[in-house]
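Notes follow once the structure below has been shown.
The values are calculated or read from the model by the stated rules, or taken from the named source; none is laboratory data. Not measured: the values here are computed from a predicted model. As a convention, Cβ positions derive from the backbone with ideal geometry for all residues, glycine included, and neighbour counts pool all protein chains shown. Heavy atoms of the whole protein, side chains included, go into the accessibility calculation; ligands, DNA and RNA do not. Shrake-Rupley method; radii C 1.70, N 1.55, O 1.52, S 1.80 Å.
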Amino acid sequence: MTNDRTASLKKIRDEVLHLTVSPLYKERIKNKTLPVIGEGSHHARIMLIGEAPGRNEAKTGRPFCGAAGKVLDELLRSAKIDRAGVYITNIVKDRPPFNRDPTPKELALYAPFLDRQIAIIRPKIIVTLGRFSMRYIMEKYGLEKRCGPIGALHGKTFKASLPYGEVLINIQYHPAVAVYDARRIAALKKDFAALARMAKS
Ligand code: URA
């Protein structure tokens, strides 16, 4: 089973590596950087989904290893959630130049890889980090009518029915908000503490 999951995830990596139709592929080749597929347990109960790799991530091929990653690590630590036990990925697997927002075309190109990662890992809790993954996941799983500004939805949890079973969708701010404004870390920690309590119950 583990090997099946690993092989299926490796296939995704190989396909993204050769995703020549993506405008971000050309950027990656030009800058000699890496796609960021995801990392963590292939049997994770919790999957965290960010937006797109930043500079450090594209250099290393690892999600959330730069400034936003430090905040995420602090949030996970404060909630006593082991980073190695969860799976962390993004919707968009290549870095948009200058960290600009992903375009609708880029989201549409990369989202099917995320869908496959979810189907392979089968998490019980999907945590969206920021408005892009929030919007994508809520629309994908029939929650579009309940979607709204992240300022109103952060910390909230919704139920969704996936082909492999019921999943909880937990909405979180993007950790980068605390990179730009350190005063927000307390609110983020509160939402992560609630996530940890829910994950235990
Ligand atoms: N921001 C994201 O959304 N994802 C990363 O991997 C890093 C920063």
Convex hull of segment 2-200 built on C-alpha atoms - directionally averaged projected area, nm²: 10.4 nm²
Entries of LYS11/LYS32; LYS70/LYS159; LYS124/LYS190; LYS26/LYS156; LYS30/LYS124; LYS32/LYS189 with Cα pairs more than 27 Å apart: LYS70/LYS159; LYS26/LYS156; LYS30/LYS124; LYS32/LYS189
Exposure rank, largest accessible area first [SER201, SER78; 1.4 Å]: SER201, SER78
Spin-label proximity, ILE29 to segment 83-122 - amide N less than 20 Å from point 7 Å beyond Cα toward beta carbon: 93-98, 106-107, 109-110
Net charge of neighbours whose Cβ lies under 10 Å from the Cβ of ARG116, counting Lys and Arg as +1 and Asp and Glu as -1: -1
Pair ALA84, ALA119: separation of 7 Å Cα→Cβ label points (nm): 3.1 nm
Gained length - MET198 relative to LEU19, 0.36 nm times residue gap less alpha-carbon distance: 60.7 nm
Those residues of segment 141-173 whose amide nitrogen sits under 11 Å from the label point placed on ALA187, 7 Å along Cα→Cβ: 150-155, 173
Protection proxy ranking of 120-127, 11-18 - average other beta-carbon atoms within 10 Å, highest first: 120-127, 11-18
Segment 103-138 versus segment 58-98: alpha-carbon centroid distance in Å: 15 Å
Cut-off 15 Å between beta-carbons: net charge of the residues surrounding LEU9, Lys and Arg +1, Asp and Glu -1: +3
Within the accessible area of segment 1-148 (1.4 Å probe), percent carbon and sulfur: 54 percent
